[in-house]
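Presented below is the structure to which this report refers.
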Amino acid sequence: MTTVQVPGLPRETSWLSACPGGLWEVRRRWLGERQRGDFTPMMGSLCKVKVRRSTVTEGETQHTASQKQDSTASVDSSEQATSYPRSQDSALQVPLDEWCLLRMGEGQCDITEGCLEGMRAGEMCEFTISAWNAMNSKAAGSDANGTQTENTTGQGSSQQSDCFTLQLHSLTPGQESWQMTPGEKWAWVLSHKQRGGQRFGKGDIWGAADCYCRAVKLAITLNGKTRRKPVDEMSKEGVDEDDDDDAALTPCFDKENEQAGADVSIPTEEEYKTVKAELHCNLSLCQLKLGQLGKSRDSSIKATELNPKSTKAWYRLGQACLQLGELEESRMAFGKILELQPDSASARTALKQVNSRLKDLDSKLGQRLSKMFN
């Protein structure tokens with residue numbers, strides 16, 4: 001196969017990847033010359049890959065890989081991705097030294113997926129991983145609200161790096177998100193949401209947060225592309241179809257998207273907002289557990305805006321604001337829960353805690369003022 005070194009492309013790139021045990025810095029560089037062509041992994045692509053610890057020279061690694069590649073069949077679209085249990089004790093969530101099948105977009109191993117981006121069949125890359133310490137970079141370690149993220153890797157500033165090689169044997173076609181139909185995007189959103197819940201239940205908070213983030217990013221692209229409710233449902237709600245003037249202004253009701261209104265794989269506006277609110281609410285809980293308080297607050301605010309009746313979203317907002325020291329906002333959030341659910345014992349307990357802290361602050365302020373004037 002003809003190979004070519006693509007001009008203008010950097011031979012080494014770096015990024016952060018989420019693993020069950022925390023964040024890892026990844027540095028990737030290509031081994032050998034690049035293959036020719038535009039057929040690279042995209043969402044939904046089934047990739048046949050092998051990961052090995054890098055213990056030999058670049059030339060020897062390439063020679064061994066080429067021998068192995070000839071002895072295995074190419075991946076077929078009818079095959080299923082291999083499922084492996086995710087482990088807190090390992091950064092890589094795939095076995096070493098054996099061929100395995102990964103579905104791009106599912107997040108089985110975020111490090112491997114990141115390395116696969118832009119690769120072509122028959123290519124190899126070498127990547128180095130090291131546990132990322134938030135204290136190493138104030139810019140990267142702070143969220144949008146200036147809150148320092150917690151370092152959960154347990155590593156100090158001097159970190160040992162591990163080096164691996166990744167070989168892409170073959171792959172099946174996939175799609176970029178902009179190539180997908182609204183129904184295909186929605187299927188991915190629900191899949192990410194379900195996978196996030198499963199990971200959270202197993203204590204994989206980083207993995208769950210990654211799933212919810214993937215789902216939110218896709219859900220955003222569906223804004224304005226929901227389907228219209230069936231006529232019988234609208235009649236039950238007392239809506240006159242002829243008088244629904246707003247329908248003509250909604251993108252999915254115009255002639256270009258006329259078929260989308262009848263596609264049951266596309267959510268209604270109500271379904272879309274409900275699921276999107278749940279995603280932000282679940283993400284908020286993950287961020288709260290990871291110490292990303294500012295992000296947790298922002299996610300819960302988005303959830304309450306999408307579903308003002310969600311007591312879970314208001315509770316997450318109250319918790320985040322309480323830990324941030326934003327007591328008035330926290331009291332408002334817990335008070336909102338009691339408006340929606342007056343018998344909520346957890347909200348009453350939390351509200352008492354907030355009021356107690358506010359009372360202590362007022363008392364301390366009064367003492368300071370008294371000293372100043374006396």
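The values are calculated or read from the model by the stated rules, or taken from the named source; none is laboratory data. Because the structure is a prediction, the values reported are computed rather than measured. Positions of Cβ are generated from backbone atoms using ideal geometry, with glycine treated the same way; all protein chains shown enter the neighbour counts. Please note that ligands, DNA and RNA were not included when accessible areas were found on the heavy atoms of the full protein model with its side chains. Shrake-Rupley method; radii C 1.70, N 1.55, O 1.52, S 1.80 Å.
Applying the condition of being over 21 Å from residue 89 (Cβ atoms), assigned to a strand (DSSP E or B) and open to solvent by less than 20 Å² (accessible area, probe 1.4 Å) to segment 1-34 and asking which residue is modelled with the highest pLDDT yields 30. Consider only pairs whose beta carbons are under 8 Å apart and that are at least six residues apart or on different chains; among these, list those whose first residue lies in segment 293-322 and is open to solvent by 60 Å² or more (accessible area, probe 1.4 Å) and whose second residue is charged (D, E, K, R). Correct list of pairs: 295/143. For segment 35-52, the set of residues classified as of a type in the set (S, T, N, Q) and either part of a strand (DSSP E or B) or modelled with pLDDT under 85 (or both) consists of 35 only. Of the residues making up segment 124-159, those that are part of a loop (DSSP other than H, G, I, E, B) and either modelled with pLDDT of 95 or more or among the small types (Gly, Ala, Ser) (or both) are 137, 144, 146, 154, 156, 157, 158. Given the condition modelled with pLDDT of 85 or more, open to solvent by less than 80 Å² (accessible area, probe 1.4 Å) and not aromatic (Phe, Trp, Tyr), answer yes or no: does some residue in segment 53-61 qualify? Yes, because at least one residue in segment 53-61 is modelled with pLDDT of 85 or more, open to solvent by less than 80 Å² (accessible area, probe 1.4 Å) and not aromatic (Phe, Trp, Tyr).
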